[in-house]
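Here the structure is laid out as structure tokens; the discussion comes afterwards.
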Amino acid sequence: MRAATGVALPVALVPRPVPVVLIGGPARRALAGETRWRVLAVFRRSFYCRDAGGSVVCLGPRGLGAGPLNALGVLPSALDWEASGLLPGAGVEANGATLRVDGRFVFELGGAALWHPAPLPGARHSADFARGVAVLAAAAGERAPAEGLGRLITPLATAVSARRPRPADPPLLSLAWRGIVPLLDWLEAGLAAVSGAGAPSPPPAEAASLVGLGPGLTPAGDDFVAGILLALHAVDRADLARALAGWALPVARERTTVISRAHLACAAAGEGAAALHDTLAAVSSADRPRLATCLDAVDAIGHTSGWDALAGIAAVTGACLRRRG
């Protein structure tokens, strides 16, 4: 997660109780009954909880941004959960209406609006699509961070994709290419096939090196695969998304974290961070000013997670353009 800026507010300023105003569908369903949870990970702005069945939710302020696992409350944006003394392993009780955390913080769920991403039917057939992808490639070339996989967005999004590491690439990018190249081959072959003509084959085993690749609770390789899943749903190729998810999720059980697996499962169903869906909408309509705003929000997702997922989206948009070309 990105380092805190400014002065952190004391935890005493947490409202009692905290009204949750927006919640993702998977989070709402997980919290619907009377269940016991544990705090899984604590960051400055937010924290994750997990129940015995493996469901995961993230609680934070509205500024965190909507997403399938997020429950967003009326909280001061400068509140520091790490400084509050909240620790992984703390007990959490849910009864469908409230969530009591560590015996100190109560979140009210009853008034929360349900968030879900707006669909983008036929995105790859839009007359503006190619122009939007070009705008994304140019913007990412200027803004993507040196860390993570964001620097792959420009070559992946263009009509002719570079498919090998360069000598100046950092080690993570060089390692990532080993899994990306066979995954791109699979993706382009799948997009060339007619949807509904038969179940697509699973990705090649060599692509498994992406899963769990990179540091953190959501490794860069996982975010990249999640971005591909989101984009496949956006371009009306849920069949390819199902084939990719059917391969990736079992691999993820062995190779990555609980939190990352939860995000991958949401992406398999076509749901990710709102900023990524907004970026897809801006690309499909070639809306340059909106895209700039969306990239600000992408930049705020984790350390580089937003950019890593956007690289996966770029892999699909570029493959679509190469197919059209």
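With both residues required to sit in the chain, DSSP beta bridges show an antiparallel share near 70%. Share of Cα-Cα pairs in segment 184-230 beyond 13 Å, in percent? Percent of Cα pairs beyond 13 Å in segment 184-230: 63. Within the accessible surface of segment 213-325, defined with a 1.4 Å probe on protein heavy atoms only, the carbon and sulfur portion equals 54 percent. In the distance distribution for segment 56-126, Cα-Cα pairs more than 18 Å apart total 49 percent. Picking from A238, A83, A275, which is most flexible by a Gaussian network model of the chain using Cα springs under 10 Å? The residue with the greatest mean-square fluctuation here is A83. Accessible surface area normalised per residue over segment 171-255 is 39 Å², counting heavy atoms of protein chains with a 1.4 Å rolling probe.
What the Kirkwood sum gives for segment 171-325 is a hydrodynamic radius of 15.3 Å, with every pair of different alpha carbons counted. Per residue, segment 65-115 exposes 39 Å² of solvent-accessible protein surface, assessed with a 1.4 angstrom probe and all protein chains in place.
The orientation-averaged projected area of the convex hull spanned by the Cα atoms of segment 216-296 comes to 5.3 nm².
For the pair R29 and A300, label points projected 7 Å from Cα toward Cβ lie 2.8 nm apart. Structure remark: mean-square fluctuation, Gaussian network model of the chain, C-alpha springs under 10 Å; the largest value among V194, V106, V18 belongs to V194. Tell me whether segment 19-90 comes out rounded, prolate or oblate; compute the Cα gyration tensor, take square roots of the eigenvalues as a ≥ b ≥ c, and use a/c under 1.5 as the rounded threshold. Verdict is oblate for segment 19-90. Relative to its Kirkwood radius, the Cα radius of gyration of segment 278-325 gives an Rg/Rh of 1.02. Shown here is the pair-distance distribution of segment 99-158: with all Cα-Cα distances grouped in 5 Å bins from zero up to the longest one, the shares run 4, 14, 13, 11, 11, 10, 7, 11, 12, 5, 1 percent.
Rg and Dmax of the chain, based on Cα coordinates, read 19.5, 59 Å. Here the simple spin-label model places points 7 Å from the Cα toward Cβ, and for R143 and A199 these points are separated by 4.0 nm. Each principal axis of the Cα cloud of segment 261-305 was evaluated for its coordinate range; sorted largest first, these ranges are 33, 23, 11 Å.
The values are calculated or read from the model by the stated rules, or taken from the named source; none is laboratory data. Since the structure is predicted, the reported quantities are computational estimates derived from the model, not experimental observations. Note: ideal-geometry Cβ built from the backbone for every residue, glycine included; neighbour counts use all protein chains shown. The accessibility values were calculated without ligands, DNA or RNA, using every heavy atom of the protein model including side chains. Shrake-Rupley method; radii C 1.70, N 1.55, O 1.52, S 1.80 Å.
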